[in-house]
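Q: Encoded as structure tokens, here's the structure I'll be asking about.
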Amino acid sequence: MGHSNVGWEVMVVNDFYKFIYFLMPRTASRAIKKSLLSIRWSYAPHDPKRHVFLPPDNTQDYFSFCGQRNPFQRVVSHYRY
């Protein structure tokens, strides 16, 4: 079975455009993360001491989103790779 670890950075935050992108394994999230981090004022907050990843404070009015796959295709992909 393959790795689905995306590292400690599980979200991308942009304070100027007010969005939060949450990374989901096996949904092209690393490519999307790389693209979003190229936008000015974007960053990937992380705290390796925390086991629960929460958005930074004062982001209640931010647009949040993530990618999702068909659950069956995700299982097949996880099995194959």
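Just so it is clear, none of the values below were taken in a lab; they were calculated from the coordinates. Model, not experiment: these values are computed from the prediction. Methodologically, a virtual Cβ is constructed for each residue, glycine included, from the backbone with ideal geometry; neighbour enumeration extends over all protein chains shown.
Q: Test of understanding: what is the full-extension gain from Gln68 to Ala44, defined as 0.36 nm times their sequence separation minus their Cα-Cα distance?
A: Numbers: separation 24, 0.36 × 24 = 8.64 nm, distance 1.97 nm.
Roughly 6.7 nm would be gained on extension.
Q: What number comes out for the charge environment of Gln68, summing +1 per Lys or Arg and -1 per Asp or Glu over other residues with Cβ under 11 Å away? Don't skip to the end; give the middle numbers.
A: Numbers: positive: Arg26, Arg69, Arg74; negative: none.
Here the charged neighbours net out to +3.
Q: Let me ask another. Within 12 Å, Cβ to Cβ, of Arg80, how many net charges do the neighbouring residues add up to if Lys/Arg are +1 and Asp/Glu are -1? Could the numbers behind the result be given before it?
A: Values: positive: Arg26, Arg74; negative: none.
With Lys, Arg at +1 and Asp, Glu at -1, the neighbours total +2.
Q: What shape does the stretch 11-80 have by the C-alpha gyration tensor, where a ≥ b ≥ c are the square roots of the eigenvalues, rounded means a/c under 1.5, and otherwise prolate means a/b greater than b/c and oblate the rest? Walk me through the numbers on the way to the answer.
A: Details: a/c = 2.12, a/b = 1.71, b/c = 1.23.
The shape class here is prolate.
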